[in-house]
Amino acid sequence: MYYRIFSLLLLAGITAVNAQQRQVLTKDDYARAEHLLSYNTSKYIDHGNVRPNWISNDSFWFRDLTAKGSDFILVDAARGSRKAAFDQQKLAAALSKASGENYDADNLPFRSFSYEQDGSAIRFAVEGKLWLYNLKTFSCEPYQQTLEGVAINNGHKYVSKAISVTSGGYPSTDRNIVPSPDGKLFAYIKDDNLWVENRETKQQTQLTTDGEKDFGYATDNAGWTGSDKPILSWSPDSKKIATFKQDQRKVSNMYLVTTNVGAPKLVSWKYAFPGDSNIIMIHRVIINVDTPKVIFLKIPPDPHRATLSDDIASSGTFDDVDWSPDGSQLAFVSTSRYHKHEKVRIANANTGDVREIFEEDVPTQYESGWGAINWRYLPKTNEFIWFSERDNWGHLYLYDATTGKVKNKITSGDWLVSQLMKVDEKNRVIYFMAHGLEKGNPYFAQFCRIDFDGKNFKILTPEIGNHSISFSPAKDYFIDDYSQPNVPGITVLRDMKGRLITTIAKTDISRLIATGWKAPTPFSVKAHDGKTDIYGLMFTPSDLDPNKKYPVIDYIYPGPQGGSVGSWSFIASRGDDQSLAELGFIVVEIEGTSNPLRSKSFHDMSYGDMAENTLPDQVSGILQLAKRYAYMDTSRVGIWGHSGGGFATADAMFTYPDFFKVGIAESGNHDNRNYEDDWGDRYNGPISDQTYNEQANETKAKNLKGKLLLAHGLMDNNVPPQNTLLVVQALERANKDYDLIIFPNEHHGYGQFSYYMMRRRWDYFVKNLMRAEPPKEFLLQPKYEFR
């Protein structure tokens, strides 16, 4: 009895000591971390995020964010001048008088406006009510618009060009229509057939009649994504439509079930998997619009594939089709199931006859660029501009469309063309974005020009940084915004020769820095091969003590279509990276190998084995950084990611269980046999089911040693939730402890519960990696400013 009492007292004493030693984080600690999320940091950034609204080819306006609010600025591109778009003091006074409310000139209650056709007035909306402000009389009146688009105010008529419409004159809120180039018609899907409606007469015309369920015209379904909007390309003269009849009749079904009181709703759609014998196929057609007629192209059906990504509409329209100006010819590219074989073809739009031009074979997988399709058909000169990585770098080639032979290589060097931006056929000049020209960081994009013959290459944006450009309507000018992850942006206006016309804005973060914010630290380390340079960002606490030891969190997205860092431009809040750092962690993002915007061999390093997940690079990179920064505690390394990052996180916990101690795997595609077909087909190739099985996370779950939190939305129609449930089942069979968060009716990104997931993520790392206590149920409360 004595020994039992003594033992209990001893145990109680040890427990009390441990409790006293365990760090406790407070609500104030979490509040400081929340302060570094985007909805809090954005309000301290001035003169950034310039969004031009072009009035003509030579002028535009934008909202300039200031410490007091915002100013509306008008820029004259031809003169290189800038001035106030209107007198904000007078507008505020006029609006206050007309509405009976009080408005401040620095904080006008609208973010956008439109000029009336004669430029004498502007129109804007305040809380759903339209107003017209006369720029000459400085008066403000309610705005009433008739069906004819004529505004009537106090007996005066204003012909408005301010309505928010698509190019065809249809409300931009209707996303399921595709307007014709001349604006007279719009195309839409009804009962699996394609229809058009005349804008003026409202007459509806059925263009196809034999569409049926799962074998309809222009239907949008890639398995992991889809919509009710037709996928098609109008001819320039608005008389023909290039599209397809999509055959998914024999394709597997995907099922999800809602969670609710009463009978659940079954949601089902066609969803092909890697290795399936039946995948979605497209029968290419050209449709005459005036006198409806469907012309099937005289080729076998193509797999539902494109050169840019794992969808056939990722460019925003029907990918890989290019009309001749007169609508008589359609150039297109057919991509094989595994993206190894490309066929460049030209179809006669009147007969459906198809001429084979040239082909390209790739041992791994072909892609035509990143963010843009980098080929063009030039019917006037009977040429093609073609993109290829045949020399290990992504470059442009000029082809003869008659012979199918290469005329000359256009670009060359140990760098790549990422996006083809403009082709000036008259002057035979190409404008494009390039990566790899900046020695300090190969991911910095620069805007360049070159002649068709490969001569007169010039970098038009020479400043160090990641450049993003947008054109004026006629593409005579471009706006260049450049920055670095730790250097705020500068926005300038240039002409097409690269000549600087004027500086539009310089981002000011002095108020942000005053709050205690700090920029991430860019770094480079060697990949797991010990030779290849890889790059990343590191986030540290604002009160970093170099004599302390901090646990490490690795945020991961393995690609292989894009890596952990994402944009290399300035972003004040990259998710919750800096917030986690403020809680007392060192957070790293390492752009691993096998991702784009480098050489072809770099991108292909893990081809056929997506389960490598850049993990050898992550481990190697963290260990190298720890040698530089002694405050990194490599005995406490955590990892987290979403989607492909969720796959990589669980893989890390199972494959490197002695290195990664805590993981949070959100919505992971843990077994790529359970994800859409084009993902595995493209990046793994035609591997066997056994190889897929070896790569699947559920087959490695028995190796878990640390703490793992899994999360998934049960209505995830991108990465089906069965991916996570397979891992759950395997962990239970292996008698392993794990944690699980389920979002019963949410999709891939958790919607309204995304901040709940963020808070749970903070708690999980604080408890299990920092070994501290978080505040109970801290509530993250997004509050977006109106500025």
Counting Lys and Arg as +1 and Asp and Glu as -1, each charge on the Cβ, what is the dipole of the chain about the Cα centre in debye, to the nearest 20?
1200
If the label point sits 7 Å along Cα→Cβ of K627, residues of region 594-621 with amide N under 18 Å come out as 616-621
Could you tell me the relative contact order of region 436-515? Use alpha-carbon pairs under 8 Å, at least six residues apart, and round to a whole percent.
17
Starting from the Cα coordinates of region 328-448, work out the convex hull volume and express it per residue in Å³.
114
Once ligands and nucleic acids are excluded and a 1.4 Å probe is used, how much of K548 is accessible, expressed in Å² to the nearest 10?
100
In the chain, taking the dipole from +1 charges on Lys and Arg beta carbons and -1 charges on Asp and Glu beta carbons about the Cα centre, the listed residue (S238, H339, N53) farthest towards the positive end is N53
Using the charge dipole of the chain (Lys, Arg: +1 at Cβ; Asp, Glu: -1 at Cβ; taken about the Cα centre), state which of V487, F647, G413 has its Cα farthest towards the positive end.
V487
Report the FRET efficiency, 1/(1 + (r/R0)^6), for H35 and K455, where r is their Cβ-Cβ distance and R0 is 60 Å, rounded to 0.05.
0.65
Assuming 0.692 mPa s and 37 °C, estimate D for region 343-388 with Stokes-Einstein, Rh taken as the Kirkwood radius over Cα pairs, in µm²/s.
266
Whole-number D in µm² s⁻¹ for region 466-572, Kirkwood Cα-pair radius fed into Stokes-Einstein, 25 °C, 0.890 mPa s
145
21 Å Cα-Cα reach of K422 towards lysines, excluding residues that sit fewer than 8 places from it in its own chain
K380, K407, K409, K455, K458, K475, K497
Could you give the spread of the C-alpha atoms of the chain along their three principal axes, from largest to smallest, in whole angstroms?
100, 68, 64
Rounded accessible area per residue of the chain, 1.4 Å, Å²:
43
Placing +1 on each Lys and Arg Cβ and -1 on each Asp and Glu Cβ in the chain, then taking the dipole about the Cα centre, the residue among Y756, G680, F539 whose Cα reaches farthest towards the positive end is F539
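How large a share of the accessible area of the chain, in percent, is made up of carbon and sulfur atoms when the probe is 1.4 Å and the other protein chains stay in place? Spell out each step's value before the answer.
Details: 16830 of 34000 Å².
Its accessible area is 49 percent carbon and sulfur atoms.
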Whole-Å distance, taken between Cα centres, linking region 617-633 and region 658-727
27
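If contacts are Cα pairs under 8 angstrom and at least 6 residues apart, what is the relative contact order of region 659-787 in percent? Could the numbers behind the result be given before it?
Working: 165 pairs, mean separation 34.4, N = 129.
With pairs under 8 Å counted, the relative contact order is 27 percent.
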In nm, to one decimal, how far is the modelled label at N288 from the one at V126, with both set 7 Å along Cα→Cβ?
5.6
With each pseudo-label sitting 7 Å past Cα toward Cβ, what's the V261-I55 distance in nm, one decimal?
5.7
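Roughly speaking, what is the stretch gain from T317 to K705, that is 0.36 nm per residue apart minus the C-alpha to C-alpha distance, in nm to one decimal?
Working: separation 388, 0.36 × 388 = 139.68 nm, distance 4.71 nm.
Length gained between T317 and K705: 135.0 nm.
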In cubic angstrom, how much convex hull volume per residue do the alpha carbon atoms of region 467-527 span?
123
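The values are calculated or read from the model by the stated rules, or taken from the named source; none is laboratory data. Just so you know, these numbers come straight off a predicted model, no measurement behind them. Every residue, glycine as well, gets a Cβ built from its backbone with ideal geometry; the counts of neighbours run over all protein chains shown. Areas reflect the complete protein model, heavy atoms only, side chains present, ligands, DNA and RNA absent. Shrake-Rupley method; radii C 1.70, N 1.55, O 1.52, S 1.80 Å.
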